[in-house]
1. Among the residues of region 2-51, count how many are among the β-branched types (V, I, T) and more than 12 Å from F71 (Cα to Cα).
2. Listed residues V53, V40; which is over 20 Å from K73 (Cβ atoms) and either in a strand (DSSP E or B) or under 11 Å from the mean Cα position of the chain (by Cα) (or both)?
3. Only residues that are among the small types (G, A, S) and buried (at least 17 other Cβ atoms within 10 Å of the Cβ): list them for region 37-55, please.
4. Take the residues in region 56-73 that are exposed (fewer than 13 other Cβ atoms within 10 Å of the Cβ) and touching a residue at least 40 places away in the same chain (Cβ under 8 Å), then tell me which one is nearest to the chain's Cα centre (by Cα).
Amino acid sequence: MELDYSRAIPVQNIPQEYAFIAAQRCPCTGQLEVTRQALVFHAGQPYDLLFAVCQRCGQEHRFLFDIRSFFGK
């Protein structure tokens, strides 16, 4: 699945990424747990890609965060 960098969620810090995911629910209404995180670059810009798994049904979800506001500062 291709990532849509134009839809990356802008954040000011890493805790904000985890808080965003904690507030989300799977379509089955289950809670999500972050399983891994990757730093990716697109057009020379940094992004965090977080993977989360639903605790109820096991479905994996991906979240792309725009970290340009704080990365490397």
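What follows draws every value from the coordinates through simple rules; no lab data is involved. Note that the structure is predicted; figures quoted are calculated from it, not measured. Don't worry about glycine lacking a Cβ; one is built from the backbone with ideal geometry, like all the others, and counts go over all protein chains shown.
1. Final tally of qualifying residues: 5.
2. Every option except V53 fails the conditions.
3. A52
4. R62
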